[in-house]
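Right, one structure below, let's go through it.
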Amino acid sequence: MLPVLGLCLSATGCLVAEAPEYGPPQQRPPVINTQSVDPSPYQVLVFQPDSTAETLNVPVRSEDAGERLIGTLWVDWQVDGRKSHYVWDQPVPASSFDDVSRSWDFSFLPGAEVTKKCGHTLTLLLMHESNYDPSNKQPKENVAWDVASVTWQLNVWPTDPGVIEPCTSNVVTP
């Protein structure tokens with residue numbers, strides 16, 4: 001019995017495994033934390049004739065594997081029955097998912113293409129550059145898995161800032 005006890009006590013050593021090798025980073029879709037977007041997409045942005053541009057700050061995280069992101073901004077993106085208006089696109093340098101300091105920043109003021117005295121949407125689409133079609137300023141077909149988006153509600157030149165009137169002159173007729 002004593003030899004067995006001695007054998008058990010000598011076998012209680014500690015094993016340390018080697019760190020695993022993960023290989024090169026794998027690209028992952030962008031992620032937007034809508035709670036940190038400024039101004040908040042949960043409030044209506046009101047623009048009056050004398051308004052100044054609104055600065056948009058959208059923190060974004062993604063594993064890019066060396067490929068930058070492209071952000072593209074649209075008024076009334078895919079709003080049923082409305083004509084969409086492209087506003088702007090801008091690259092975001094490549095980074096890793098651990099980078100919490102990266103953001104997409106832009107100043108926006110509704111232009112002549114935006115119908116006044118009614119409500120609109122403003123949508124940011126963020127995707128990796130290889131999934132962006134520069135000819136039509138939007139994601140390539142079948143890449144929805146790589147697109148993050150955030151949408152704000154706009155009230156442009158309202159008679160009453162507390163009421164969003166429907167737009168009728170921006171409707172596409174078949």
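Laboratory data are not the source of any read-out in this text; all were calculated from the coordinates shown. Predicted model, so just to flag it, every value in this text is computed and none were measured. Reconstructed Cβ throughout: ideal geometry from the backbone, glycine too, with neighbour counts over all protein chains shown.
Find how much the distance from Gln78 to Asp105 grows on full extension, using 0.36 nm per residue of separation minus their present alpha carbon separation; answer in nm with one decimal.
Working: separation 27, 0.36 × 27 = 9.72 nm, distance 2.23 nm.
Gain on stretching Gln78 to Asp105: 7.5 nm.
So what's the back-of-envelope 222 nm ellipticity for the chain, counting only DSSP H runs of four-plus at -39500 (n - 2.57) apiece and dividing by all residues, rounded to 500?
Values: 1 runs with 9 residues, N = 174.
Computed ellipticity for the chain at 222 nm equals -1500 deg cm²/dmol.
Build a GNM of the chain with springs between Cα atoms under 10 Å: which of Leu109, Leu125, Leu69 gets the top mean-square fluctuation?
Comparing Leu109, Leu125, Leu69 in a Gaussian network model of the chain, the most mobile one is Leu109.
Report the one residue of Asn155, Thr123, Gln138 whose Cα lies farthest in the direction of the positive end of the charge dipole of the chain (charges on C-beta: Lys and Arg +1, Asp and Glu -1; origin at the Cα centre).
About the Cα centre, the residue reaching furthest to the positive side is Asn155.
Please compute the modelled spin-label separation between Val46 and Ala17, points set 7 Å along Cα→Cβ, answer in nm with one decimal.
Between Ala17 and Val46, the label points sit 5.9 nm apart.
Determine the dipole magnitude for segment 26-156: charges of +1 sit on the beta-carbon of Lys and Arg, -1 on that of Asp and Glu, nothing else is charged, the reference point is the Cα centre, and the result goes in debye to the nearest 20. Write down the numbers at each step before the final one.
Values: 10 positive and 17 negative charges, 75 e Å.
It comes to approximately 360 debye.
Give the average over all directions of the projected area of the C-alpha convex hull of segment 54-120, one decimal, in nm². Let's see the in-between values first.
Values: hull surface 22.0 nm².
That works out to 5.5 nm².
If you consider only alpha-carbon coordinates, what radius of gyration and Dmax does the chain have, in Å?
Looking at the chain, its Cα Rg and Dmax stand at 25.0, 95 Å.
For the chain, what is the relative contact order in percent, using Cα pairs closer than 8 Å and at least 6 residues apart in sequence?
Once normalised by length, the contact order is 27 percent.
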